[in-house]
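Chemist: Starting off with a structure, shown below.
Values in this text are rule-based calculations from the coordinates and carry no lab data. All values derive from a computational prediction rather than experimental measurement. Note: ideal-geometry Cβ built from the backbone for every residue, glycine included; neighbour counts use all protein chains shown.
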Amino acid sequence: MSQLFSTKAGTLNSLRKVIKNAKIPEFVFFSVSEWREDQEKCVRKIKDSLGEGPLIVRSSCFAEDQLGTSGAGQFLSVPNLSLGEIVSSVEEVIESYGEKIDKSQILVQRMLTNVIRSGVGFSHDPNTCTPYRVINWSEGNDTSLVTSGANSNMWQQAARCPKKVSSIHSPIITLIEELLELYRNQPLDIEFAVTSNEQNENVWLLQVRPLFLHQKPETESKQQKRLQKIQQKLEIGMTSHPFLMGKRTVYGVMPDWNPAEIVGIRPKPLALSLYRELVTDSIWAYQRHNYGYRNLRSFPLMPHFFGLPYIDVRLSFNSFIPASLNEDLAARLVDYYIDRLLKEPSLHDKVEFDIVFSCYTLDLQERLNDLKNFGFSRSELILIADSLRELTKKIVDPENGLWRGDADRLTTLDKRYNIVNSSKMDEVEKIYWFLEDTKRYGTLPFAGLARAGFIAVQFLHSLVAKNVFSQEDYYAFMSGLTNINSQMAYDRMYLEKPDFLSRYGHLRPGTYDITSPRYDEAPELYFDWDLKPANIKKPNPFLPSAKQMQEIAKLIKYHRLQIDPQGLIDFITKGIELRELAKFNFTRNLSDAISCIQKFGQAYGFSTEDLAYCDIQIFKEIHVSATNIKNLLSRNIYEGRKNYADTLKIVLPPLIVKPEDVWAFDWPQTAPNYITQKQVIAFVSSSTSHDDLPGSIVCIENADPGFDWLFSFPISGLITAWGGANSHMAIRAGELGLPAVIGAGEALYNLWSSSEKLYIDCASRKVEVLA
């Protein structure tokens, strides 16, 4: 016989005699009217059934745990009570009901002892409305830790998971499956605890309620078929490859050209195809090869699994090996990098800083010593260092450095932009040439300048490691840089609105997203033009002391880098500044191409939202063929919408280590990047409404440069789900001295962004939920 949901107490009471895979703590319950009529009788009932305590008084309001709404957390519960505290506590719980007193009840339970684990479980993922079993739990006897976010863990598992489940998760999954059978597959939400004695562990069911989903849940069979296809694709991709070093690979959303930060973990088809076209299909490899690394041309860096983009980490690691290094040593390095990542998966957004040796630095010899523990000989370390030195010298050379040629290409991009923009080309022709020029003169040089910028930051870090600069010097150096972003903040203060938008109007949060308005399309959305920003001064460049320059000269001579101290400082400065300028310039071409797509599509009756489901290749086809354009676009949009519906139903881990990981995985406790050494306590805003920003800790998913406008408001802090230590928002927060947590990961971001008030302590690398 199937069960029906009732009040919290009523539901537990109906399950008490039928549940097999959990125990239910002893309890009594009574209605509010029974309490009002005879408190003493109710207290005697509690004493006779549950004893003196410790007890917990829990809400059992009729407005809770219903099919339309769970009312989760709306009403009060009071734990750890003695019998003498029951009367006042019951009154507190009743008061929390407000006017919802009729038919409501009070539930009193005996507190559990020897609790080793507690948490909540969902039968379905509420975000995707798919049959993923989700368990959120904390170790220890404090059952409030999951909701407070302290030390919380999360496990996610597909319904028909063939993967063996750990002993921690298995009893809870079994309990959820039993309850689903009892409630005829009605999505549900449970609260549980696990106690331990000398003999065994016991699972206790504390609550069951319906889980409200915003749409009908997907069937288990559909989920199963999709995940089987992803597993098969991974099994092929994770084997050895004749043209690649390394025995295996892993896939991640954050390494290298981290798609999670740039386009998000579920980009719509146009954004995904644009990013592939402009960067990850070929441009990325051309740039690496041009700069002296291994030739990976013809290898797409970013596969996707039903629209969820991932970086092939083996490919990425191959591309950071100097071309001059012999294949045996290269293969061992790639395997070492992958093994290191598997050992410390929290580094997946910091692989270039903390795992890979991709350039020469002043502390490289010390950092290479770790390889001795993994079988690399001293002579092999010398070979690695020499190859990186020669590669780095060609990049940083003060007169002929490779970055200079890339910087010159930005001027060509600017000239060609003006030609295309002022021409009489039709929209399709402009789309084609804006994007072709973006690749050749935009993203290709940007990739080179981004590499130079990374090397510049590495050199800066090595100056700190060698005690030439202090950490304070590092921050002073970064905040003293003059780049396009600090210039924009300065121009926002002094330029009139038309002049400001003429220069910066092409920027849009979500650089590749057609549904994200440009600054000049919705200026009031991004700026309060009646409110001038606080007085902003030009950056004050950091000037090393004479003693520091002498120390740098000694280090350069010792490491045979063939550059003078001022040349190195100039390279570090230009490397970081030009990276941001290159990004600014190529996004103008890209943004105008997207605007042309919008205008072209609208002429055929397609909305901006429709066009987000196109693939960019369809416009290349229209450019070279005579065809029925409306039919072609219509079919492409239809296919894009259908495919994206699949994208929205899939949940995968941020790092896929084995093919079977697609079925079940722990959400990793990532190591976010804490920017500055400051502290802040403030209310949280996940809204970008102007009224909500001042004084708030602002939460945005991606560390996208299009969100730079946020810094024109007096925000107190910043949190992003995705983004690395060298991402745009990390750099900007450091420049401005703004406490920020960049790349928190999905689990922590969801917790923090849904909180009301947070305490961020960047120096101690911690975030606390205050409300």
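Chemist: Using a cut-off of 11 Å between beta-carbons, work out the net charge of the residues near N400 (Lys and Arg +1, Asp and Glu -1, N400 not included).
Modeler: +1
Chemist: Working out 0.36 nm times the residue gap between Y604 and S170, then minus their Cα-Cα distance, what length gain in nm do you get to one decimal?
Modeler: Contour length minus the Cα-Cα distance gives 150.8 nm.
Chemist: Compute, for the range 26-111, the length of the dipole vector about the Cα centre, with Cβ point charges of +1 (Lys, Arg) and -1 (Asp, Glu) only. Units Debye, rounded to 20.
Modeler: Value, rounded to 20: 180 debye.
Chemist: Just rank Y749, Y474, Y638, Y441, fewest to most, by other beta-carbon atoms within 10 angstrom.
Modeler: With the fewest neighbours first, Y749, Y474, Y638, Y441 line up as Y638, Y474, Y749, Y441.
Chemist: Compute the signed sum of charges (Lys and Arg +1, Asp and Glu -1) over the other residues within less than 9 Å, Cβ to Cβ, of R133.
Modeler: Here the count lands on -2.
Chemist: A further question follows. Give me the net charge for the shell around K599: Cβ to Cβ below 11 angstrom, other residues only, Lys and Arg +1, Asp and Glu -1.
Modeler: In short, -2.
Chemist: Using the Kirkwood formula over every pair of different C-alpha atoms, what hydrodynamic radius in Å results for the chain?
Modeler: 29.0
Chemist: Follow-up question, since we're still on this one. Apply the a/c threshold of 1.5 to the C-alpha gyration tensor of the range 402-602 and tell me whether it is rounded, prolate or oblate.
Modeler: oblate
Chemist: Let me ask you something else. Calculate for the chain the 222 nm mean residue ellipticity that helices alone would give, adding -39,500 (n - 2.57) per DSSP H run of length 4 or more and normalising by residue count, nearest 500 deg cm²/dmol.
Modeler: Computed mean residue ellipticity for the chain: -13000 deg cm²/dmol.
Chemist: What is the extension gain from N540 to T627, computed as 0.36 nm multiplied by their sequence separation minus the C-alpha to C-alpha distance, in nm to one decimal?
Modeler: Taking 0.36 nm per residue and subtracting the Cα distance, the gain is 25.6 nm.
Chemist: So how tilted is helix 39-50 from the main axis of the chain? Cα-based, degrees 0 to 90, rounded to 10.
Modeler: Once rounded, one gets 70 degrees.
Chemist: Next question, about the same structure. Rounded, prolate or oblate: which fits the range 487-617, taking a ≥ b ≥ c as square roots of the Cα gyration tensor eigenvalues, rounded meaning a/c under 1.5, else prolate when a/b beats b/c?
Modeler: oblate
Chemist: Further, regarding this structure: Setting aside same-chain residues fewer than 8 positions from K216, which lysines have a Cα under 27 Å from its Cα?
Modeler: Once the sequence-local lysines are set aside, what remains near K216 is K8, K163, K225, K229, K268, K642, K649.
Chemist: Towards the positive end of the charge dipole of the chain, with charges on Cβ (+1 Lys, Arg; -1 Asp, Glu), say which of P654, S379, G442 has the farthest Cα.
Modeler: S379
Chemist: For the chain, take the longest principal axis of its alpha carbons; what is the angle in degrees between that and the long axis of helix 378-396, to the nearest 10 within 0 to 90?
Modeler: Tilt relative to the chain: about 70 degrees.
Chemist: When the Karplus curve 6.51 cos²θ - 1.76 cosθ + 1.60 is applied with θ = phi - 60°, which whole-Hz ³J(HN,Hα) does each residue of the range 581-588 get, with x for Gly and Pro?
Modeler: Coupling constants for the range 581-588: 5, 4, 4, 4, 5, 6, 5, 5 Hz.
Chemist: Could you give the length gained on full extension between R36 and E521, defined as 0.36 nm per residue of separation minus the Cα-Cα distance, in nm?
Modeler: So the chain would gain 168.4 nm between R36 and E521.
Chemist: A further question on this structure: Using a simple charge model, +1 on the beta-carbon of Lys and Arg, -1 on the beta-carbon of Asp and Glu, nothing else, what dipole does the range 398-487 show about its Cα centre, in debye to the nearest 20?
Modeler: 140
Chemist: Mind ranking 217-224, 353-360, 426-433 by how tightly packed they are, going by the mean number of other C-beta atoms within 10 angstrom, highest first?
Modeler: 353-360, 426-433, 217-224
Chemist: In nm, to one decimal, how far is the K17 label point from the N185 one, both placed 7 Å along Cα→Cβ?
Modeler: Placing both labels 7 Å along Cα→Cβ, they lie 2.9 nm apart.
Chemist: Rounded, prolate or oblate: pick one for the range 26-111, where a ≥ b ≥ c are the square roots of the eigenvalues of its C-alpha gyration tensor, a/c under 1.5 means rounded, and failing that, prolate if a/b is larger than b/c, else oblate.
Modeler: prolate
Chemist: Calculate the dipole size of the range 402-602 relative to its Cα centre from +1 charges on Lys and Arg beta carbons and -1 charges on Asp and Glu beta carbons; express the result in debye to the nearest 20.
Modeler: 740
Chemist: Between the range 440-519 and the range 169-192, how far is it from one alpha carbon centroid to the other, in angstrom?
Modeler: Using only Cα atoms, the two centres lie 50 Å from each other.
Chemist: Now, a different point. Can you tell me the mean projection area, over all orientations, of the convex hull of the range 170-296's alpha carbons? Units nm², please.
Modeler: Over all viewing directions, the range 170-296 projects a mean Cα-hull area of 13.7 nm².
Chemist: To make sure I understand, if each residue's beta carbon is the centre and we count other beta carbons within 10 Å, what order do V680, V741, V351 fall in, fewest to most?
Modeler: Ascending Cβ contact count within 10 Å gives the list V680, V351, V741.
Chemist: Give me the Debye-computed log₁₀ of I(q)/I(0) at q = 0.16, 0.19, 0.22, 0.25 Å⁻¹ for the range 113-213, equal point scatterers on Cα only, no solvent, two decimals.
Modeler: Log10 I(q)/I(0), no solvent term: -0.66, -0.93, -1.21, -1.46.
Chemist: Can you compute 3J(HN,Hα) from phi for each residue in the range 459-466, using the Karplus curve 6.51 cos²θ - 1.76 cosθ + 1.60 with θ = phi - 60°, rounded to whole Hz and x for Gly and Pro?
Modeler: These are the phi-based 3J(HN,Hα) values: 4, 4, 4, 5, 5, 6, 4, 8 Hz.
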